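Chemist: Before I ask anything, here is the structure I am working with.
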Amino acid sequence: LFIFQVLVNIGNHFDLASSIFVAPRKGIYSFSFHVVKVYNRQTIQVSLMQNGYPVISAFAGDQDVTREAASNGVLLHMEREDKVHLKLERGNLMGGWKYSTFSGFLVFPL
């Protein structure tokens, strides 16, 4: 279960209940995320998923630090109603998703 605090959601295209962004129209979208792991001797991996398939991932796996961050970003060509969400593939995030961010926006409509 992911618990998010939504700061901006113009058009309500991010569904808080499912934690999924649904593209309102065809276009080029920008997405980025930043996650923080907790506990040493652990690795986290987070993937940005488009329509159920991983597009990009980020990982943090330094064995000697308690907290470490991982980030990534991408431009995606999306069709209307394509879906994007984050998936925690491995590890535990500090405070769940509390200290992590996810953002996306339309760059150029097609």
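The values are calculated or read from the model by the stated rules, or taken from the named source; none is laboratory data. All figures in this text were calculated on a predicted structure; none of them were measured in a lab. Glycine gets a Cβ as well: all are built from the backbone with ideal geometry, and neighbour counts include every protein chain shown. When the accessible area is computed, the model is the full protein with side chains, heavy atoms only, and any ligands, DNA or RNA have been set aside. Shrake-Rupley method; radii C 1.70, N 1.55, O 1.52, S 1.80 Å.
Chemist: I'd like the carbon and sulfur percentage of the solvent accessible area for the stretch 14-109, probe radius 1.4 Å, heavy atoms only, ligands and nucleic acids excluded.
Modeler: 52 percent
Chemist: Which entry in [x] 13, 41, 25, 15, 5, 0; [y] 14, 49, 29, 8, 1; [z] 15, 46, 29, 9, 1 is this structure's computed P(r) over Cα pairs in 10 Å bins from 0, in percent?
Modeler: Answer label, from the structure shown: [z].
Chemist: Enumerate lysine pairs in the chain that are 8 or more residues apart or on different chains, then count those whose Cα atoms are under 22 Å apart.
Modeler: Numbers: K26/K83; K37/K87; K37/K98; K87/K98.
Close lysine pairs found across the chain: 4.
Chemist: For the pair K87 and S30, what calculated FRET efficiency results from E = 1/(1 + (r/R0)^6), where r is the Cβ-Cβ distance and R0 = 25 Å, to the nearest 0.05?
Modeler: Efficiency for this residue pair is about 0.85.
Chemist: How much accessible area per residue does the stretch 14-109 have, in Å², with a 1.4 Å probe?
Modeler: About 56 Å² of surface per residue is accessible.
Chemist: Going by amide H atoms built from the backbone, whose H comes under 5 Å of the H on R90, apart from near neighbours?
Modeler: Q45
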